[in-house]
1. Does residue A:37 qualify as being of a type in the set (Val, Ile, Thr), within 9 Å of DNA strand C (Cβ to nearest atom) and closer than 28 Å to residue B:65 by Cα?
2. Working only within the stretch B:1-26, note down all residues that are over 17 Å from residue B:66 (Cα atoms) and either away from DNA strand C (no atom under 13 Å from the Cβ) or within 14 Å of chain A (Cβ to nearest Cβ) (or both).
3. When the stretch B:72-85 is examined, which residues are found to be acidic (Asp, Glu) and more than 9 Å from DNA strand D (Cβ to nearest atom)?
4. I need a count of the residues in the stretch A:32-71 that are more than 8 Å from DNA strand D (Cβ to nearest atom), part of a helix (DSSP H, G or I) and charged (D, E, K, R).
5. Please find, within the stretch B:79-112, the residue that is surrounded by the most Cβ atoms within 10 Å (Cβ to Cβ) out of those that are facing another protein chain (nearest Cβ under 8 Å) and aliphatic (A, V, I, L, M).
6. Name, by its number, the condition in (1) within 10 Å of DNA strand C (Cβ to nearest atom); (2) crowded, with 17+ Cβ neighbours inside 10 Å; (3) over 30 Å from residue B:66 (Cβ atoms); (4) among the acidic types (Asp, Glu) that does not hold for residue A:44.
7. All but one of (1) surrounded by fewer than 16 Cβ atoms within 10 Å (Cβ to Cβ); (2) in the same structural domain as residue B:12 (by TED's automatic domain parsing); (3) in contact (Cβ under 8 Å) with a residue 24 or more places away in the chain hold for residue B:137; state the number of the condition that does not hold.
8. Being at pLDDT 95 or above and part of a loop (DSSP other than H, G, I, E, B) is the filter here, so list the residues in the stretch A:92-126 that pass it.
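The values are calculated or read from the model by the stated rules, or taken from the named source; none is laboratory data. What you see is a predicted model; the values in this text were computed from it and never measured. Every residue, glycine as well, gets a Cβ built from its backbone with ideal geometry; the counts of neighbours run over all protein chains shown.
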Protein chains: 2
Amino acid sequence: MGCEEEVVTTLRKAGQKATPQRIAVLSALRHSGRHMTASELLAEAKRQIPVLEISTVYRTLAAAKELRLVGEARMGTGEVEYEWLGQNRHHHLICRQCGQVERIEDTYLASLAIALFENYGFRADLDHFAIFGICRNCQKGGRG
Amino acid sequence: MGCEEEVVTTLRKAGQKATPQRIAVLSALRHSGRHMTASELLAEAKRQIPVLEISTVYRTLAAAKELRLVGEARMGTGEVEYEWLGQNRHHHLICRQCGQVERIEDTYLASLAIALFENYGFRADLDHFAIFGICRNCQKGGRG
DNA sequence: AGAGAAATTGCATATAATAGCACTTGATGA
DNA sequence: TCATCAAGTGCTATTATATGCAATTTCTCT
């Protein structure tokens with residue numbers, strides 16, 4: 001599958017066990033190339049591992065998060081969304097009035113990271129930020 | 001009490017009902033001047049309203065959040081922490097290795113907000129950010 | 001002060017996420 | 001290839017948070 005190979009290698013290199021459960025969950029996430037919730041991942045990975053438990057999904061994600069393979073995005077829906085942390089970091093502007101979601105590239109946050117490092121010596125992760133506020137349209141039109 | 005007066009006024013002005021429950025919860029939070037969890041607020045506010053329910057606390061906080069009276073801080077403990085949004089916004093740097101928490105002032109995030117407004121016309125809230133990463137000490141000493 | 005509409009509460013319950021524990025499995029090295 | 005052991009899994013229980021609904025309360029208008 002190719003996608004799986006990389007997941008296995010990455011896990012092993014990081015000193016984690018590459019169990020079928022983890023492989024299924026993480027390659028599902030990596031393969032999708034988008035945000036997915038824990039229950040979406042459960043459903044998807046169950047196609048390969050029917051006995052898979054939601055608690056295993058959460059533990060897999062927690063472990064992968066520690067290894068910085070995956071990141072979380074809290075988009076204001078009930079559930080946390082997870083994403084594979086490839087090269088192209090991005091963030092989201094979420095309008096709390098109309099709900100519109102706009103994707104922004106890493107530049108803005110990257111310069112924040114630089115400032116924090118210069119001033120505090122702190123290496124910030126800044127994997128994904130969900131930034132809430134009011135979008136251009138809703139500022140103009142009011143209730144547009 | 002003074003603290004209560006302001007909470008009542010603020011609620012009414014925003015078109016919300018000032019119930020004893022809400023007053024107790026919100027003035028507890030405002031009065032404390034720090035982050036508090038929902039269950040801490042329940043315990044505190046129960047001193048005035050013994051029958052108070054945790055669900056009412058959550059709903060009160062959700063309503064006040066919409067009005068931008070309070071903000072949330074996810075500090076990486078199990079529970080969300082709430083804070084009264086006065087003038088002095090601040091943020092936190094949290095070391096994911098040693099757990100150290102450092103408070104930073106709003107400046108860094110404020111300039112991010114400016115950039116987002118100039119480039120996207122987006123008015124970002126940026127009430128509180130919990131920024132995870134590795135602190136200066138842990139970078140040097142390794143396992144300091 | 002009192003009536004009525006609309007919001008809020010309490011209670012019960014649902015959902016999301018985490019944790020304990022005994023059993024199983026993957027990685028390691030002989 | 002097989003034994004060993006730590007790590008991971010399934011299952012269950014628990015915690016954190018959210019929601020439906022009937023009864024109650026606040027606010028507004030008179």
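1. Working: of a type in the set (Val, Ile, Thr): yes; within 9 Å of DNA strand C (Cβ to nearest atom): yes; closer than 28 Å to residue B:65 by Cα: yes.
Criteria met by residue A:37.
2. Selection gives B:1, B:2, B:3, B:4, B:5, B:6.
3. Here is the first cut: in the stretch B:72-85, the ones acidic (Asp, Glu) are B:72, B:79, B:81, B:83.
Result: B:83, single match.
4. 5
5. Taking the candidates together, the pick is B:93.
6. (1)
7. Status for residue B:137: all satisfied but (2).
8. A:121, A:122, listed by residue number.
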